[in-house]
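Comments concern the structure below.
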Amino acid sequence: MDPASDDVLERLAHHSLGGCKVLASEIYPHEIIAGLEADRLEDFNTAMGELAGEAGVLRTTTLRISTTP
């Protein structure tokens, strides 16, 4: 995250992205890990787009785990 944006974690922790539940925590200075829970792949994709456009987010890395075949 952008070092000048010190409220990114608070914003992520207090709203949903694309209808997904968000659990976020700062693991290193200016690095956040966030878990998103979605019922549909479309919701997850929407959330990833919203996350990339979130003010103060400079880069995202995605690992998607699906529990459906």
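The values are calculated or read from the model by the stated rules, or taken from the named source; none is laboratory data. If you're wondering where the values come from, they're calculated on a predicted model, not measured in any experiment. All Cβ positions, glycine included, derive from the backbone under ideal geometry; neighbour counts span all protein chains shown. Note: accessible area is taken over every heavy atom of the protein model, side chains too, but ligands, DNA and RNA are not part of it. Shrake-Rupley method; radii C 1.70, N 1.55, O 1.52, S 1.80 Å.
Counting Lys and Arg as +1 and Asp and Glu as -1, each charge on the Cβ, what is the dipole of the chain about the Cα centre in debye, to the nearest 20?
On the way: 5 positive and 12 negative charges, 51 e Å.
About 240 debye.
Counting only protein heavy atoms and using a 1.4 Å probe, what share of the accessible area of the chain belongs to carbon plus sulfur, as a whole percent? Don't skip to the answer; put the middle values down first.
Details: 2640 of 5140 Å².
Here it works out to 51 percent.
Would you mind counting up the charge near C20? Only other residues with Cβ under 10 Å from its Cβ, with Lys and Arg at +1 and Asp and Glu at -1. Could you put the intermediate results ahead of the total?
Details: positive: K21, R40; negative: E37, D39, D43, E50.
That works out to -2.
So what is the accessible area of the chain per residue, in Å², with the probe set to 1.4 Å? Mind dumping the intermediate values first?
Values: 5140 Å² over 69 residues.
Each residue of the chain exposes 74 Å² on average to a 1.4 Å probe.
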**OP:** With no solvent and one equal point scatterer placed on each C-alpha of the chain, evaluate the Debye formula and give log10 I(q)/I(0) for q = 0.11, 0.15, 0.17 Å⁻¹, two decimals.
**Re:** -0.25, -0.45, -0.58
Original post:
Per-residue HN-Hα couplings for the range 18-25, Karplus 6.51 cos²θ - 1.76 cosθ + 1.60 at θ = phi - 60°, whole Hz, x for Gly and Pro?
Top reply: x, x, 8, 6, 10, 10, 10, 8
Subject >> Selected from L58, L23, L36 as most flexible by GNM, with the chain as the system and alpha-carbon contacts under 10 Å >> reply: L58
Original post:
Between the helical axis of 41-52 and the dominant principal axis of the chain, each derived from Cα atoms, what acute angle in degrees is found, rounded to the nearest 10?
Top reply: 10 degrees
